[in-house]
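First up is the structure itself, then whatever we jot down about it.
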Amino acid sequence: MSSPQTFNPAQCPLCGGDNHCLLCAPVAYKGQCWCVQEDLPAELLARVPENLRHRACICRACVEKFRMEKLLSPAVSPPAARRAPDVS
């Protein structure tokens, strides 16, 4: 049985590293988080454990890693057309 993940809003819910969320930073000015400018794919967001969804930002490294995985993964091509056997 795996132990439940703990919640820390300053940690990436995927890798556990610092997510550099401005809203979690100890600075006086709390502007928008860097990820507000990002278009995070639903497939990436689905990788976040359910108990941590919408509670902490994914870090840039995980976002970039996901994009590289998608870029480098072979595209799913349609199955090759089958030719009827030559019956001569």
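Readers should treat all values here as calculations from the given coordinates under stated rules, not as data from a laboratory. Just so it is clear, the structure is predicted and the values come from calculations on it, not from any experiment. All Cβ positions, even for glycine, are placed from backbone atoms using ideal geometry, and neighbour counts span all protein chains on display.
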Simple spin-label model, 7 Å along Cα-to-Cβ: E50 to Q32 in nm? 3.2
Give me the distance in nm between label points sitting 7 Å out from Cα along the Cα-to-Cβ direction at K65 and N8, one decimal. 1.6
